[in-house]
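The values are calculated or read from the model by the stated rules, or taken from the named source; none is laboratory data. Because the structure is a prediction, the values reported are computed rather than measured. Glycine gets a Cβ as well: all are built from the backbone with ideal geometry, and neighbour counts include every protein chain shown.
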């Protein structure tokens, strides 16, 4: 839902509490135009969405099919499925899709996920298979470089659940010539093997059982600079970003992202799902940014890296990382009020990592590291944090949708159930350049909806709106609850749009729906 009159006063109160205000005339919001529903609930039937302007088609990852749904978007108010790319003969799961100049590239995980995956090229109009090339294990995200020279995949390389096999994380760069591949290279982190202690000391999280640096580092998402020379690769579980030189095909840096102090004003969070209330406050815990999606904006002569700080834990049969605060021993000096902190209405049920936080190695926890930062961040191209949205996301949901605060994505009777674990869970994002302004769209995986910020000044983003097309009175299992679990966002500029107006496509993993919005200006 967009901001109707019943919610306007709460919205204005939230904006009034913000540090900055939107410049007059620079505001935008989202107007829903059309939705395609697969009718599949909680089956990953709509994960990543991309648009081809040559055919006016949306390509939507239907992960477990496995394949890609093809939607006619020539009339955005009436999205119609016109085809399906069947990848069942090539692998077990399609994880991502990218489109450029009438060519579709799909990242396909092997039938055995720890084996090398592949990229398949298709013609966007005929859907004919054009070429196939191998990648590293578990290609999780795919994109084209801006000059079209390469298809690039982030190969996460997750272990087998019992850790008997742990493939190396990597990034594959495949050279594209016309409608076929010419050659490929895969960049690994083998050069960092033997430097694990130094990486940990710098803040990079390496903790998989018996894993080398190359095995433990798990690429999640890739963003490419406008000059197509550099890729920034999120290493979500490792709370780091890797820098990849695309010309040389080698990683040049691994940048730890540090921790967010939730005891500071403006960084508050609600940590309990058992207090029956919205209780956003300061607590002595540290957030690991652990970004999923990453995007780049070129402005003022440099690159600005924007991350959606979702958070993620390793949860395997041989190693499960999650613990609750009440189930660990707290250092008496660091936490003199440990008895009260361990109570359920405080932070007792807050999910933390058992892998880090014992800073002096004596068996108790000197810091409490929570998954994700419940925010988005902007980093400069030297790796410095220049902006974080703080507690904006929980505060805006509390003001605008208080009855659904920190809901889960698969049930409408779930008030506050995600407070103990990552809150709204920002996951996907997209940057839109419209006229002289830039805008950021951030999707919330759990409660749903998209937050909108003015990103014209990357060092001082300004909140504009929050739009949620979820129906909180509907039944998710019957398909009457609207859009649930936004996963992938795709900006379509007016110059490429079928209606010559800027659009945003959102794929919703849990509801299996894809919604197309028009980006409209507001006073």
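For the range 472-490, state whether one or more residues are more than 20 Å from residue 60 (Cα to Cα), in contact (Cβ under 8 Å) with a residue 12 or more places away in the chain and touching a helix residue (DSSP H, G or I) at 6+ places or on another chain (Cβ under 8 Å).
yes
In this structure, does residue 25 turn out to be within 30 Å of residue 496 (Cα to Cα), surrounded by fewer than 19 Cβ atoms within 10 Å (Cβ to Cβ) and at pLDDT below 95?
yes
Yes/no per residue for (1) buried (at least 17 other Cβ atoms within 10 Å of the Cβ); (2) within 23 Å of residue 431 (Cα to Cα); (3) free of Cβ contacts under 8 Å to residues at least 24 places away in the same chain:
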position: 44; (1), (2), (3): yes, no, no
position: 62; (1), (2), (3): yes, no, no
position: 67; (1), (2), (3): yes, no, no
position: 71; (1), (2), (3): yes, yes, no
position: 81; (1), (2), (3): no, no, no
position: 134; (1), (2), (3): no, no, no
position: 140; (1), (2), (3): yes, yes, no
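Does the range 454-478 hold any residues that are out of contact with any strand residue (DSSP E or B) (no Cβ under 6 Å at 6 or more places or on another chain) and either under 22 Å from residue 141 (Cβ atoms) or part of a loop (DSSP other than H, G, I, E, B) (or both), and which are they? Working first, answer last.
So the first thing to find is which residues in the range 454-478 are out of contact with any strand residue (DSSP E or B) (no Cβ under 6 Å at 6 or more places or on another chain), and the list is 457, 460, 468, 472-478.
Result: 457, 460, 468, 472, 473, 474, 475.
If you scan the range 487-502, which residues turn out to be surrounded by fewer than 24 Cβ atoms within 10 Å (Cβ to Cβ) and outside any loop (DSSP other than H, G, I, E, B)?
Step one: list which residues in the range 487-502 are surrounded by fewer than 24 Cβ atoms within 10 Å (Cβ to Cβ), which gives 487, 490-491, 493-502.
Once the filter is applied, which keeps residues that are surrounded by fewer than 24 Cβ atoms within 10 Å (Cβ to Cβ) and outside any loop (DSSP other than H, G, I, E, B), the range 487-502 yields 487, 490, 491.
Given the criteria in a loop (DSSP other than H, G, I, E, B), within 23 Å of the chain's Cα centre (by Cα) and either within 30 Å of residue 442 (Cα to Cα) or at pLDDT 95 or above (or both), does residue 358 qualify?
no
Among the residues of the range 310-334, count how many are surrounded by 20 or more Cβ atoms within 10 Å (Cβ to Cβ), closer than 29 Å to residue 376 by Cβ and in contact with a helix residue (DSSP H, G or I) (Cβ under 8 Å, 6 or more places away or on another chain).
Within the range 310-334, residues that are surrounded by 20 or more Cβ atoms within 10 Å (Cβ to Cβ), closer than 29 Å to residue 376 by Cβ and in contact with a helix residue (DSSP H, G or I) (Cβ under 8 Å, 6 or more places away or on another chain) number 1.
Tell me, yes or no, whether the range 280-297 has at least one residue that is in contact with a helix residue (DSSP H, G or I) (Cβ under 8 Å, 6 or more places away or on another chain), part of a loop (DSSP other than H, G, I, E, B) and over 30 Å from residue 360 (Cβ atoms).
Yes, the conditions are met somewhere in the range 280-297.
Filtering the range 231-258 down to residues that are touching a residue at least 60 places away in the same chain (Cβ under 8 Å) and surrounded by fewer than 19 Cβ atoms within 10 Å (Cβ to Cβ), which residue is nearest to residue 345 (Cα to Cα)?
Once the filter is applied, the top-ranked residue is 258.
Which count do you get for residues in the range 180-220 that are loosely packed, with under 14 Cβ neighbours inside 10 Å and within 23 Å of the chain's Cα centre (by Cα)?
Residues in the range 180-220 being loosely packed, with under 14 Cβ neighbours inside 10 Å and within 23 Å of the chain's Cα centre (by Cα): 0 in total.
Just wondering, is there one or more residues in the range 385-406 that are more than 19 Å from residue 505 (Cβ to Cβ), out of contact with any strand residue (DSSP E or B) (no Cβ under 9 Å at 6 or more places or on another chain), part of a loop (DSSP other than H, G, I, E, B) and without any contact (Cβ under 8 Å) to a residue 12 or more places away in the chain?
no
Does the range 381-394 contain at least one residue that is touching a helix residue (DSSP H, G or I) at 6+ places or on another chain (Cβ under 8 Å) and crowded, with 20+ Cβ neighbours inside 10 Å?
no
Can you give me the number of residues within the range 84-110 that are touching a strand residue (DSSP E or B) at 6+ places or on another chain (Cβ under 9 Å) and surrounded by fewer than 17 Cβ atoms within 10 Å (Cβ to Cβ)?
5
In the list 414, 419, which residue meets the criterion of being surrounded by fewer than 20 Cβ atoms within 10 Å (Cβ to Cβ) and part of a loop (DSSP other than H, G, I, E, B)?
414
Could you please tell me which pairs satisfy a Cβ distance under 6 Å, a separation of 6+ or placement on different chains, a first residue in the range 177-201 that is closer than 19 Å to residue 251 by Cβ, and a second residue that is at pLDDT 95 or above and surrounded by fewer than 17 Cβ atoms within 10 Å (Cβ to Cβ)?
What qualifies is 185/249; 187/249; 187/250.
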